[in-house]
1. Could you line up LEU249, LEU47, LEU118 from fewest to most neighbouring Cβ atoms inside 10 Å?
2. Using a Debye calculation, one point per C-alpha and no hydration shell, please list log10 I(q)/I(0) for the range 208-308 at q = 0.13, 0.19, 0.22, 0.24 Å⁻¹ in order.
3. How would SER56, SER145 line up from fewest to most surrounding beta-carbon atoms within 10 angstrom?
4. So what is the calculated 222 nm ellipticity per residue for the chain, using -39500 (n - 2.57) for each DSSP H run with n of 4 or more, over all residues, to the nearest 500 deg cm²/dmol?
5. Once label points are set 7 Å from the Cα along Cα→Cβ at both ASN211 and LEU306, what is their separation, rounded to one decimal in nm?
6. When VAL199, VAL96, VAL261, VAL297 are ordered from fewest to most other Cβ atoms inside 10 Å of their Cβ, what list results?
7. Roughly what percent of Cα-Cα pairs across the range 2-306 reach past 24 Å?
8. What percentage of all Cα-Cα pairs in the range 53-144 are separated by more than 22 Å?
Amino acid sequence: MLGVLAGFSVVWVVILAGFFVGRTKVLGPDGSRALSRLAFFVASPCLLLETLSRSSLAVIFSETLVVAAASAVATAVIFAAVARFWLRRGLTETMVGAMSASLVNSANLGIPVAAYVLGDATLVAPVLIFQLAFFTPLFLMVMDSAASRHRTTLPGFAAQVVRNPVLIGTALGLVLAATGWQPPELVMEPIRLIGGAAVPAMLIAFGISLNGSRPLQAGGGRRADVVAASAFKLFLQPALAWLLAHFVLGMDGHLLFSAVVLAALPTAQNVFVTAARYERGIVIAKDTVLLTTIIAVPAMMALAWLLA
């Protein structure tokens with residue numbers, strides 16, 4: 001489990017740096033918002049384009065992808081039903097909660113965990129591609145529609161999709177992966193350089209936002225959402241992954257362990273960036289990312305013991 005600890009320590013060091021940046025107010029009162037918008041509108045699209053362009057589409061059609069997709073979608077749907085019909089949340093806030101409950105940190109935590117814990121970094125590729133190419137864009141399309149002040153028509157919805165920078169980066173990356181054509185290095189190098197700022201910007205923005213915040217505060221009015229989203233992320237989603245992988249797909253041994261561990265990864269930091277972008281569900285996203293990132297280490301150790 002040293003790989004798990006190593007991966008999480010890197011993330012927490014960057015978050016801590018962001019916390020001190022916010023504490024000293026180096027970036028001013030709107031530093032977190034500026035970095036979040038930089039990550040959403042500029043860096044993340046470049047990261048998606050460059051990452052997906054180098055991926056093999058063959059890895060999409062794998063058992064790991066089926067487990068990741070089915071467990072994530074089922075978790076999101078169940079949480080959305082709870083948020084809408086029990087907690088009575090609006091559509092945009094419900095989507096943020098569903099993302100918090102089902103979107104795993106497949107990049108800056110998933111890759112080191114796959115490499116150092118599971119022994120093969122490529123095991124996280126289907127999860128990464130599913131989230132980048134399909135799951136996250138699906139959430140963004142729904143939230144774009146919900147955030148519109150006017151009734152969304154089909155042409156209007158298509159226009160919102162076309163203008164979304166994350167979806168544009170995803171689409172271009174998939175086209176390059178499907179065709180096998182790589183633009184000249186003179187074009188890709190600036191994109192790669194800008195994309196490299198996405199994860200640090202997300203983590204630093206998240207760290208800045210922690211100043212003065214205390215998780216699960218009753219005053220925020222979203223304690224139930226945070227507790228539910230955290231429980232769904234760390235317990236329900238891995239349980240669904242295990243049931244599907246073991247009893248439906250007949251997976252066992254190391255492959256089964258890998259599928260369950262990847263489902264138990266904490267909530268992705270880009271959920272907070274998305275919440276900040278749409279200015280909805282920020283407390284839910286921030287607190288769920290924080291709690292799941294803390295609890296994920298002992299949760300994964302428990303999984304290793306149970307599936308040993």
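Please treat every number below as a calculation from the coordinates, not as lab data. Predicted model only: the values in this text are computed from it and were never measured. In this analysis, Cβ positions are derived from the backbone assuming ideal geometry, glycine residues included, and neighbour counts consider all displayed protein chains.
1. Exposure proxy ranking, most exposed first: LEU249, LEU118, LEU47.
2. Debye output, listed in q order: -0.52, -0.89, -1.06, -1.18.
3. SER56, SER145
4. It comes out at -21500 deg cm²/dmol, rounded to the nearest 500.
5. Placing both labels 7 Å along Cα→Cβ, they lie 4.0 nm apart.
6. VAL297, VAL199, VAL261, VAL96
7. 51 percent
8. 32 percent
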